[in-house]
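Any read-out appearing in this document is the output of simple, stated calculations on the displayed coordinates, not a laboratory observation. Quantities reported herein were computed from a predicted structural model and do not represent experimental measurements. Virtual Cβ from ideal backbone geometry, glycine too; neighbours counted across all protein chains shown.
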Amino acid sequence: MTATADAPAATADDGTAPDDGTGGSEPGTETFYDRFPEAARIVRATFLGAFLAFAVGTTFGIIQTLHRTGIARPFSSVDYYTFLTAHGVFLVLSFTIFFLVGVFTWALVRSLDRPLVNTRFSWAWYGLMATGMTLTGLTILAGFTSAVDVSADVLFTFYAPLQAHPLFYGGLAVFLVGTWLAGLDWWRTFLAWRREHPDERIPLQAFMVLTTTIMWYVATSALAISVLFFLLPWSLGLIETVNPTLTRTLFWFFGHPVVYFWLMPAYLLWYTVLPSIAGGRLFSDPLARVVFVLFLLLSTPVGIHHQYLDPGIAEGFKFVAMTNTMFLLLPSLLTAFTVVASVEYGARVRGGTGLFGWLRTLPWRDPAFTGMMLAGLMFAAGGFSGMVNAGMNINYLIHNTIWVTGHFHLTVGTAVALTFMAATYWLWPQITNKPIYSRQIGLAQVVLWFAGMALMSNAMHAQGLLGVPRRTAEPTYSGFEYGSAFGGYGELNLQVAIGGTILFASAVLFLSNVVLTMGNSRTDGLAETLAEPISGSEDAPLVLDNIRLWGGIAVLLVLLAYALPIVAIVQRGGLFGPGGEAYPMVLDALAILAEQAPDVLVERMPDVLGGGWAGGWP
Amino acid sequence: MGTTDGEQTAAGLLEDPKSFDPKGTLALILVYFCILVTMWVYIYFVEFLGNDLIVVG
């Protein structure tokens, strides 16, 4: 049958939320695996890739946590930066993106109720993503050994002057092409559906996937330029220098919208799956569409807010970025309203009463529900610290401190990661026909993640206010002590370490549950269905579905926000920069000093001995 | 309407979903707003009144 998520709202006879029928010819009887086995295999492969990255990334996370808090330092502080790079890249590029391409593939195929156009093509993009990320990952891990002259200790924010081995950039480029082809796959499938259904509204989930894909193309254009024209040739020795401000700016052009690339699948799950788990229905399809359009428009022209302290970018450009960022709060606040209202509807239908009493009737024993709700709650907290980050003046207070780390562990580390884990408890049976090994362990796991993150992230924020730096193996200095706020530095360190340990335990529980679930045998009766919105697509203006229009405006806004700053950066520093020598520069400086020092000493010594300090010596 | 004496009933909401009035959501959002304002005030004290400049080194 065709996707009917957009059909007029109706009520099922049995008093439950109506079903949109896209689960199969007989609603609720077929899982995604039953109906689209090929697509289900691709989704499962992407999830497994994500979980592998999650295992590696979280292991490095606990090592780092214990290292920088001084609890346990079995590795050298030099290796800390290799751990840090691996933690960042494996979790925020590999775990998140592998999982989200799976969610998007599931959502698109499910909502269009048609298979992917060409499964071989789908496996091709999956293969490219896996190959690229393996190359990049191995290049980072090679940094642990001196046996090979390969390393990439450049952190997730891999701009100049930090330089990685060419394989790191090459792998990233291949991975990126894989994601582009995944987007192309979704669009081709949509266009095939459009030919079959010329007059239908785009189903909501497909709409979310398609708008996010356009946002991804816009965002990654700068990353591709940065890697292909600057960082990779520089790393290969084809060009001697790059303009560091330019590569930083191109990175953050990508670096902020990538946050929304991680977040949009979480939003998709909150909008379309969470209400159904709660027994409710999405409050408003039109509002959901508006939110995704706003993210398409506003995600990218804001990246300069990551560069408030960068010299070489005029304050005016930073002010424009701040204004855009504040507008970007709007779709998130709309989401808070719409998702909570959708869940409240479910609670009321379940008999919930009172201003807050309805919360008690929600299915808190369901790990998928509780996990997503806790993720949303953490996102609300992250919203506050994000507002502080976004304010030009107040950002100076916390810039480059561990406050920022605390912030993004609430957003990508919980709103996204916890939603993905919670969604796994709901999605995995749909794509494999295997029931979850233990939903009780699942419930404990999501609650532990929430508790661990509450402890760790709160302490990170407090430390940030004390000026404790991020990206630092040993954040203490001789002759200097941090002040105290909500406890002293040592006490907060303990909170970070305990929180990090709880998070690691939660990650182990999650992965164990998934592995044990894989050992279950396939069974029937696992099909879940999604309810229709209360206010359906028939209430949404047609212009919302004009993705070409929104894509055009998005590009225009990006040009307005970035054309002048980039021209100014290039005019000031040149396309390939006045500087940008590869790290470690200090070693180069020492080498030059060692080479020239004897000559200098010979030339200057007579002056010195003769009292010639005025000859230029300090 | 799906309400009885101002309270929305399950049967009423199922009969007429569009009569749903998300008052509980509004209450939660107001609580969030109050927390945000409190946190902003706190940050104001941290930034402007709580600290002298910290110079490291």
Which whole-number percentage describes the relative contact order of chain A, with Cα contacts under 8 Å and a sequence gap of 6 or more? 21 percent
Region A:338-362 residues near the modelled B:L26 label - backbone nitrogen below 13 Å, point 7 Å along Cα→Cβ: A:355
Provide the packing ranking of A:162-168, A:261-267, i.e. peptides ordered by the mean count of other C-beta atoms within 10 Å per residue, highest first. A:261-267, A:162-168
Once you list every other residue whose beta carbon is under 13 Å from the beta carbon of A:T249, what net charge do they have if Lys and Arg are +1 and Asp and Glu are -1? +2
If you take the Cα Rg of the protein assembly as shown and divide it by 2.2 N^0.38 Å, with N the number of residues, what do you get? 1.01
Kindly state, to the nearest 0.05, the FRET efficiency for A:T131 paired with A:V515, given R0 = 25 Å and r defined as their beta-carbon distance. 0.55
Okay, which of region A:52-76 sit inside 20 Å, backbone N to the point 7 Å along the Cα-Cβ direction of A:E481? A:69-71
Angle check, please: helix A:119-141 long axis (alpha carbons) against the longest principal axis of chain A (alpha carbons), in degrees 0 to 90, nearest 10. 30 degrees
Have a look at A:G357, A:L128, B:F45 and report the one farthest towards the positive end of the charge dipole of the protein assembly as shown, computed about the Cα centre with Cβ charges (Lys/Arg +1, Asp/Glu -1). A:L128
Rounded to whole angstrom, the alpha-carbon centroid of region A:187-214 lies from that of region A:410-488 at a distance of 35 Å
Would you please give the FRET efficiency between A:T353 and A:R41, computed as 1/(1 + (r/R0)^6) with r the Cβ-Cβ distance and R0 = 45 Å, to the nearest 0.05? 0.50
Taking the Cα atoms of region A:212-348, report the difference between the largest and smallest coordinate on each principal axis, in whole Å and largest first. 65, 32, 19
Order by neighbour count: A:R114, A:R41, fewest other Cβ atoms within 10 Å first, most last. A:R41, A:R114
Just counting partner chain Cβ atoms within 10 Å, what average do the residues of peptide A:374-386 show around their Cβ? 2
Just to be sure I follow the definition: excluding the sites themselves, where is the longest run in chain A that has none of the GluC sites (Glu not before Pro) in a DSSP loop with at most 13 other Cβ atoms within 10 Å? A:241-480
Residue-averaged [θ]222 nm for the protein assembly as shown, counting only DSSP H segments that reach four residues, each worth -39500 (n - 2.57): -21000 deg cm²/dmol
What ranking, highest mean first, results for peptides A:282-289, A:500-507, A:93-100 when packing means the other Cβ atoms within 10 Å averaged over each residue? A:93-100, A:282-289, A:500-507
Estimate the FRET efficiency between A:N400 and A:N546 by the formula 1/(1 + (r/R0)^6), using the beta-carbon distance for r and 41 Å for R0, to the nearest 0.05. 0.50
